[in-house]
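Notes to accompany the following structure.
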Amino acid sequence: MKILALGIGNVMFGDEGVGVHFMKMMSENYEFSSPEHTLTFLDGGTMANHLTPIIAGYEYLIVCDCIDANGGLVGDVYFFDFEDAPNAIKWSGSAHEIEMLQTLQMMDLLGDRPKTKIIGVIPKRIEPMSFELSSELQNAVPVMSKVFLKELGELGFTCDKKADYSIADIAKKWQEKQF
């Protein structure tokens, strides 16, 4: 099975970039292997709609993105199957041009959306030209990591730790590389 680990977000808007930074952190910190599956990591940025031909080429999708949820607090992590999204989940409050929810719904209409799981986290701040993630989101990363590693383990992957970058390290590396 071809699996895509997709980080969504605008890394120039503080917490809004958590999905991109999280998936980059996981790919740099772990070596993933499976005798029957392949795993690809992708920085999806904010152009979710333009990712449809890429996403359609996979059989399983794990998306990490900012979400909002009724009754949720900053830093709360949610993990759910796209088809069984809790009623409390809202996909508002991000800086995406087109929300990932809309992209996945369009793919449903065409019948080419792979089985999809979502790791969503509630952001604290979405502010332009801030590359730093809030302490609340940095504190949410261990939960996000546990969920991601457990899901891949259930799919038959072995996960060997090869580095120990924090999400703040990854965000700083991105900023230094760009500027």
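The values are calculated or read from the model by the stated rules, or taken from the named source; none is laboratory data. Note that the coordinates shown come from a computational prediction; the quantities given were computed from them, not determined experimentally. Virtual Cβ from ideal backbone geometry, glycine too; neighbours counted across all protein chains shown. Note: areas computed on protein heavy atoms with side chains; ligands, DNA, RNA excluded. Shrake-Rupley method; radii C 1.70, N 1.55, O 1.52, S 1.80 Å.
For the list (1) in contact (Cβ under 8 Å) with a residue 60 or more places away in the chain; (2) open to solvent by 30 Å² or more (accessible area, probe 1.4 Å); (3) in contact with a Ser or Thr (Cβ under 9 Å, 6 or more places away or on another chain); (4) not in a loop (DSSP other than H, G, I, E, B), I need the number of the one condition that residue 74 fails.
The single condition residue 74 does not satisfy is (4).
For the range 118-151, which residues satisfy the criterion of being among the hydrophobic types (A, V, I, L, M, F, W, C), surrounded by fewer than 17 Cβ atoms within 10 Å (Cβ to Cβ) and either touching a Ser or Thr at 6+ places or on another chain (Cβ under 6 Å) or closer than 16 Å to residue 11 by Cβ (or both)?
Listed by number, the list holds a single entry, 129.
Can we say residue 103 is assigned to a helix (DSSP H, G or I) and crowded, with 17+ Cβ neighbours inside 10 Å?
On the way: assigned to a helix (DSSP H, G or I): yes; crowded, with 17+ Cβ neighbours inside 10 Å: yes.
So residue 103 passes the test.
Hey, among the residues in the range 152-164 that are part of a loop (DSSP other than H, G, I, E, B) and open to solvent by less than 70 Å² (accessible area, probe 1.4 Å), which one's farthest from residue 37 (Cα to Cα)?
Just the residues of the range 152-164 that are part of a loop (DSSP other than H, G, I, E, B), to begin with: 155-157, 162-164.
Okay, now just the ones that are also open to solvent by less than 70 Å² (accessible area, probe 1.4 Å), so 155-157, 163.
Working: 155: 8, 156: 8, 157: 8, 163: 23 Å.
For the range 152-164, the residue satisfying everything is 163.
If residue 80 meets every condition in (1) of a type in the set (Phe, Trp, Tyr); (2) assigned to a loop (DSSP other than H, G, I, E, B); (3) under 14 Å from residue 120 (Cβ atoms) apart from one, which number is that one?
(2) is the only condition that residue 80 fails.
Out of 45, 71, report the one residue that is modelled with pLDDT of 90 or more, more than 21 Å from residue 142 (Cα to Cα) and within 12 Å of the chain's Cα centre (by Cα). Spell out how you get there, then give the answer.
Working: 71 fails: within 12 Å of the chain's Cα centre (by Cα).
45 is the lone residue from the list that is modelled with pLDDT of 90 or more, more than 21 Å from residue 142 (Cα to Cα) and within 12 Å of the chain's Cα centre (by Cα).
Could you tell me whether any residue of the range 84-98 is surrounded by fewer than 19 Cβ atoms within 10 Å (Cβ to Cβ), at pLDDT below 90 and more than 27 Å from residue 54 (Cα to Cα)?
Scanning the range 84-98 turns up at least one residue that is surrounded by fewer than 19 Cβ atoms within 10 Å (Cβ to Cβ), at pLDDT below 90 and more than 27 Å from residue 54 (Cα to Cα).
Anything in the range 23-59 that is free of Cβ contacts under 8 Å to residues at least 60 places away in the same chain, in a helix (DSSP H, G or I) and open to solvent by 10 Å² or more (accessible area, probe 1.4 Å)? List them, or say none.
The first filter runs over the range 23-59 and keeps only residues free of Cβ contacts under 8 Å to residues at least 60 places away in the same chain, leaving 23, 27, 38, 40-51, 53-59.
Right, trim to in a helix (DSSP H, G or I) and you get 23, 27, 48-51, 53-55.
Those that are free of Cβ contacts under 8 Å to residues at least 60 places away in the same chain, in a helix (DSSP H, G or I) and open to solvent by 10 Å² or more (accessible area, probe 1.4 Å): 27, 49, 50, 51, 53, 54.
Regarding the range 2-22, can at least one residue be identified that is assigned to a strand (DSSP E or B), open to solvent by less than 30 Å² (accessible area, probe 1.4 Å), in contact (Cβ under 8 Å) with a residue 24 or more places away in the chain and farther than 26 Å from residue 156 by Cα?
Taking every residue of the range 2-22 in turn, none turns out to be assigned to a strand (DSSP E or B), open to solvent by less than 30 Å² (accessible area, probe 1.4 Å), in contact (Cβ under 8 Å) with a residue 24 or more places away in the chain and farther than 26 Å from residue 156 by Cα.
Please identify the pairs in which a residue from the range 168-179 that is closer than 21 Å to residue 142 by Cβ has its Cβ atom under 7 Å from the Cβ atom of a residue that is aliphatic (A, V, I, L, M) and assigned to a helix (DSSP H, G or I), counting only partners at least 6 apart or on another chain.
170/25
State whether the residues of the range 123-130 include one that is over 27 Å from residue 32 (Cα atoms) and in a strand (DSSP E or B). Spell out the reasoning first.
Filtering the range 123-130 for residues over 27 Å from residue 32 (Cα atoms) gives 123-130.
Subsequent filtering for residues that are in a strand (DSSP E or B) retains 130.
The answer is yes, given that some residue of the range 123-130 is over 27 Å from residue 32 (Cα atoms) and in a strand (DSSP E or B).
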